[in-house]
Amino acid sequence: EVNVYNALRLQQCYINSSRPPFNDVRVRQAMQLAIDRVAFTKVAMGGYGEPADLYVPKSHWAWDEQAAKKYPYDPDRAKKLLADAGYANGIKLHANYYTDQLIVQRMEIVGSYWSKVGINIDKRTVGTLADSNTLWRQGNGDTRMAGWGGRPDPAITYSLLFLPEGF
């Protein structure tokens with residue numbers, strides 16, 4: 001018997017928002033709007049799982065439908081946000097990610113979505129420890145593709161990800 005269920009695990013691109021242009025919320029919003037999460041789930045995840053609109057799955061008590069609808073796939077709106085932020089000609093970012101084939105493939109998919117709205121990536125593959133150290137401690141790199149294991153209490157997840165002392 002095989003059982004498939006959603007868990008507190010997701011694939012995400014962490015964004016280094018400590019420097020331009022990623023310290024502009026419009027750029028980060030454009031990055032969100034440029035990705036078709038439904039198609040990504042079908043292709044990159046083999047149809048398993050669900051689009052990660054929030055840090056908890058739909059079956060979790062803290063999932064909120066209104067919040068999950070905040071960033072639908074909308075490449076035209078993403079282009080407008082980039083233009084409004086002063087990047088109508090696009091931006092280039094440095095993406096760090098793990099060397100395993102699944103992460104490489106997933107980053108290529110995300111990169112193809114971003115390139116359609118003018119966000120072009122210079123990809124760099126690095127090991128796990130080097131990756132974390134490069135992006136977070138040294139301030140190098142703009143984004144990092146990695147998994148998030150989640151925590152049973154969503155307050156812990158959001159604290160670890162979004163408070164100043166978090167990741």
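The values are calculated or read from the model by the stated rules, or taken from the named source; none is laboratory data. Keep in mind the model is a prediction, meaning the values are calculated, not measured. All Cβ positions, glycine included, derive from the backbone under ideal geometry; neighbour counts span all protein chains shown. Heads up: the accessible areas ignore ligands, DNA and RNA and are worked out on the full protein's heavy atoms, side chains in. Shrake-Rupley method; radii C 1.70, N 1.55, O 1.52, S 1.80 Å.
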| message | Can you pull out every residue in segment 122-166 that is at pLDDT below 75 and in a strand (DSSP E or B)? | response | K123, R124, T125
| message | Could you tell me how many of the residues in segment 73-109 are open to solvent by 20 Å² or more (accessible area, probe 1.4 Å) and either β-branched (V, I, T) or assigned to a helix (DSSP H, G or I) (or both)? | response | 16
| query | Do you know which residues across segment 1-42 are open to solvent by 30 Å² or more (accessible area, probe 1.4 Å), within 24 Å of H60 (Cα to Cα) and in contact with a helix residue (DSSP H, G or I) (Cβ under 7 Å, 6 or more places away or on another chain)? | reply | Q11, C13, D36
| task | Exactly one condition in (1) under 15 Å from M145 (Cβ atoms); (2) buried (at least 17 other Cβ atoms within 10 Å of the Cβ); (3) among the hydrophobic types (A, V, I, L, M, F, W, C) is not met by L54; state its number. | result | (1)
| message | Consider segment 39-79. How many of its residues are free of Cβ contacts under 8 Å to residues at least 12 places away in the same chain and among the basic types (K, R)? | response | 1
